[in-house]
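See structure below.
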Amino acid sequence: MTTSMNNAPTKAELFRALHHGPDPLILPNAWDPVSARTIAEAGYPAIATSSGAVARVLGYDDGQLTPPAEMFEAVARIVRAVGVPVTADMEAGYGLAPKEFAERLLETGAVGCNLEDSVGGALVDPAQQSEYLNAVRAAAGADLVINARVDNFLHSGDVTDAITRGRAYRRAGADCIYPIMAPVDTLPHLATEIGGPLNAHATPTGPTAAALLAAGATRISYGTSLHNHTTNALRALLPTLS
């Protein structure tokens, strides 16, 4: 890993270290500078974005429908708004070649990314996804903390396949594996068999971060759930204003 001339750790190094610290890494997901600042002010050591929530703020639906330039600009605005490391949910890379993807993301100031292994509702071949992750790693070096999302539990729910994918993505250079929506009772097995940091998905209504951490997760994120919760709170408030 690289360091600056005075040996101070980079934000990427700080963020990577949070995956291996004594405390679990909990990442409430932001969707704009206001939500990012609010999360940072609450004391969270890093910010994750939510591609779905950012897409909605920009006027698009989730599912790689946001033009890449608009997503990169949105990430850059969030990075500028806070002093803590930012990791960006970038869906499946928006069809960009690995080198271009890594370079454009690093230009935003983000130090991490989620990359998922399904496109258009279908799982990508794990060998193809491994090749993409490996190429992103080669282009970014240690300056990008890669969270490889395993979408198996959004489809077949095959635990063996999820483990195979997770192991392959770790070998390809991923720092953390994210078997999104994996049942809580599968997490201990996944953690043992895949190895390394494991991301799990929490929501304000459950499963809770505490339950997921107890089951073996080391990193917790909330996806679009916080944006949904906020939108629902606004929806409930509006009828009371008139």
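The values are calculated or read from the model by the stated rules, or taken from the named source; none is laboratory data. Keep in mind it's a predicted model, so treat the numbers as computed, not measured. Don't worry about glycine lacking a Cβ; one is built from the backbone with ideal geometry, like all the others, and counts go over all protein chains shown. Accessible surface is based on the protein model in full, side chains and every heavy atom, while ligands, DNA and RNA are left aside. Shrake-Rupley method; radii C 1.70, N 1.55, O 1.52, S 1.80 Å.
Using only protein heavy atoms and a 1.4 Å probe, report how much of residue 125 is accessible, in Å² to the nearest 10.
Counting only protein heavy atoms, the figure is 90 Å².
Residue 32: net charge of surrounding residues, Cβ under 11 Å, Lys/Arg +1, Asp/Glu -1, itself excluded? Each step should come with its number before you reach the end.
Working: positive: 37, 56, 77; negative: none.
For residues surrounding residue 32, the net value is +3.
Using the Karplus equation 6.51 cos²θ - 1.76 cosθ + 1.60 (θ = phi - 60°), what ³J(HN,Hα) coupling, rounded to whole Hz, does each residue of the range 214-220 give in order, writing x for Gly and Pro?
5, 8, x, 5, 10, 9, 10
Which is farthest toward the positive dipole end of the chain among 60, 190, 106, measuring Cα position about the Cα centre, with Cβ charges +1 (Lys, Arg) and -1 (Asp, Glu)?
Comparing the listed Cα positions along the dipole, 106 ranks first.
Please list, short to long, the whole-number percent of alpha-carbon pairs of the range 156-206 in consecutive 5 angstrom bins beginning at zero.
P(r) for the range 156-206, in whole percents per bin: 4, 21, 35, 23, 11, 5, 1.
Write down the Å³ per residue value for the convex hull defined by the alpha carbon atoms of the range 128-242.
Details: hull volume 15.4 nm³, N = 115.
Hull volume normalised by residue count: 134 Å³.
In whole Hz, with x marking every Gly and Pro, tabulate ³J(HN,Hα) for the range 156-171 from phi via Karplus 6.51 cos²θ - 1.76 cosθ + 1.60, θ = phi - 60°.
Values per residue, Gly and Pro as x: 7, x, 6, 5, 4, 5, 4, 5, 4, 5, x, 4, 5, 6, 5, 5 Hz.
Can you tell me the dipole magnitude for the chain around its Cα centre, using point charges on the Cβ only (Lys, Arg +1; Asp, Glu -1), in Debye to the nearest 20?
Working: 16 positive and 24 negative charges, 94 e Å.
In total the dipole reaches around 460 debye.
Restricting to Cα pairs below 8 Å that are 6+ residues apart, what does the relative contact order work out to for the chain? Please round to a whole percent.
19
State to the nearest 20 debye the size of the charge dipole of the range 20-75 about its Cα centre, where the only charges are +1 on K and R beta carbons and -1 on D and E beta carbons.
Working: 2 positive and 7 negative charges, 15 e Å.
Around 80 debye, computed over the range 20-75.
So how compact is the chain: Cα radius of gyration and Dmax in angstrom?
17.2, 59
Could you pull out every residue, at least 5 positions away or on a different chain, whose amide H is within less than 5 Å of the one on residue 145? Hs are placed 1.01 Å off N in the peptide plane, and Pro or chain starts have none.
112, 113
Whole number in Å², please: accessible area per residue of the chain, 1.4 Å probe, ligands, DNA and RNA not counted.
Working: 10830 Å² over 242 residues.
That works out to 45 Å² per residue.
Can you give me the long-range amide H partners of residue 27? Hydrogens built in the peptide plane at 1.01 Å from N, cutoff under 5 Å, separation of 5 or more residues or another chain.
For residue 27, whose amide H was placed from the backbone, the distant partners under 5 Å are 220, 221.
Placing +1 on the Cβ of each Lys and Arg and -1 on the Cβ of each Asp and Glu in the range 47-100, which of 51, 90, 74 has its Cα farthest towards the positive end of the resulting dipole?
74
Distance in nm between label sites at residue 231 and residue 70, each 7 Å beyond Cα in the beta-carbon direction?
Label-label distance for residue 231 and residue 70, simple model: 1.4 nm.
Once phi is turned into ³J(HN,Hα) by the Karplus curve 6.51 cos²θ - 1.76 cosθ + 1.60 with θ = phi - 60°, what whole-Hz value does each residue of the range 80-94 show in order, with x for glycine and proline?
5, 7, 10, x, 8, x, 10, 10, 10, 7, 10, 6, 9, x, 6
For residue 151, which sequence-distant residues (separation of 5 or more, or a different chain) have an amide H within less than 5 Å of its own amide H, given hydrogens modelled in the peptide plane?
For residue 151, whose amide H was placed from the backbone, the distant partners under 5 Å are 117.
Take the alpha-carbon centre of the range 1-79, take the same for the range 165-226, and report the distance between them in whole Å.
Between the Cα centres of the range 1-79 and the range 165-226 lies a distance of 18 Å.
If the only charges are +1 at each Lys and Arg Cβ and -1 at each Asp and Glu Cβ, what is the size of the charge dipole of the range 28-156 around the Cα centre, to the nearest 20 debye? Don't skip to the end; give the middle numbers.
On the way: 8 positive and 17 negative charges, 71 e Å.
Using Cβ point charges on Lys, Arg, Asp and Glu, the range 28-156 gives about 340 debye.
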